[in-house]
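Below: one structure, written as structure tokens.
The values are calculated or read from the model by the stated rules, or taken from the named source; none is laboratory data. The structure displayed is predicted, hence computed values, not measured ones. In this analysis, Cβ positions are derived from the backbone assuming ideal geometry, glycine residues included, and neighbour counts consider all displayed protein chains.
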């Protein structure tokens with residue numbers, strides 16, 4: 001059974017079509033990446049999925065069926081606009097919000113103590129939320145999202161305002177929660193984090209789903225447009241290239257339309273080049289993202 005299934009949803013606000021046609025399914029116990037440029041419809045998609053907005057068209061299934069009030073207690077949602085009470089002390093705020101999700105106060109306090117220590121917030125429990133740095137507030141938001149131990153966690157931009165150490169803390173926590181059986185949907189612009197954490201992704205552009213599936217399969221699908229080469233001596237002039245770029249201790253050859261890696265290899269062999277390295281360059285998610293969005297614009 002899927003944790004979430006979204007089928008051909010659409011949502012407009014007046015004359016603005018925020019989501020045109022989006023479909024995807026999220027498997028139980030996975031970290032799923034929801035990607036897209038600013039204004040692409042990611043946040044609206046999440047809000048339709050979580051029943052914050054009703055779709056104009058399409059269907060949504062959450063944890064095996066329609067959304068209910070009972071299911072909302074099984075979901076942790078960290079929206080783009082953060083929701084902590086700014087004038088409350090940190091600990092009191094987090095405990096209060098956990099009890100709203102049905103967690104007994106004693107149990108919430110016990111779990112909270114561990115998270116506050118882990119995220120280096122234990123010394124700041126008496127401070128008002130608004131007195132905390134942006135990074136501290138972000139960590140507090142993440143704790144609030146998971147404190148009631150939800151089955152489904154939906155996080156919009158989880159790494160905002162976090163330094164590298166705290167980014168790693170959050171990544172480790174997300175992997176832990178996944179290994180414990182939670183399902184995580186992560187919306188972010190930070191492609192490196194997606195590459196490290198997610199097995200499957202959905203790319204939304206201008207309200208449409210334009211790329212969906214297993215990340216490694218997608219990367220293989222978009223490989224073949226560049227090769228990494230290292231030769232003894234000077235690299236000769238070769239036909240069928242768009243660009244020649246330095247790449248670590250090799251050279252990256254960007255192939256023109258109609259040129260294959262085999263064509264380049266044959267041209268190198270025909271010139272009696274001593275070849276030390278030749279491999280198809282697997283594109284980064286950043287490169288795939290840019291290419292797909294540019295192709296969509298065209």
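Figures for the structure shown
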{"read-out": "Qualifying residue in segment 187-210 (condition: surrounded by 14 or more Cβ atoms within 10 Å (Cβ to Cβ), under 18 Å from residue 3 (Cβ atoms) and free of Cβ contacts under 8 Å to residues at least 60 places away in the same chain)", "value": "no"}
{"read-out": "Complete set of residues in segment 245-258 that are in contact with a strand residue (DSSP E or B) (Cβ under 7 Å, 6 or more places away or on another chain) and over 16 Å from residue 279 (Cβ atoms)", "value": "256"}
{"read-out": "Some residue of segment 235-242 being over 29 Å from the mean Cα position of the chain (by Cα), in a strand (DSSP E or B), modelled with pLDDT of 90 or more and closer than 26 Å to residue 293 by Cβ", "value": "yes"}
{"read-out": "Options 231, 227; residue that is in contact (Cβ under 8 Å) with a residue 24 or more places away in the chain and within 28 Å of the chain's Cα centre (by Cα)", "value": "227"}
{"read-out": "Filter pass, residue 228 being farther than 23 Å from residue 20 by Cβ and touching a helix residue (DSSP H, G or I) at 6+ places or on another chain (Cβ under 6 Å)", "value": "no"}
{"read-out": "Unique residue being assigned by TED's automatic domain parsing to the domain that holds residue 198 and farther than 23 Å from residue 144 by Cβ when the list is 69, 73, 27, 80", "value": "27"}
{"read-out": "Some residue of segment 52-69 being closer than 26 Å to residue 287 by Cβ and touching a strand residue (DSSP E or B) at 6+ places or on another chain (Cβ under 8 Å)", "value": "no"}
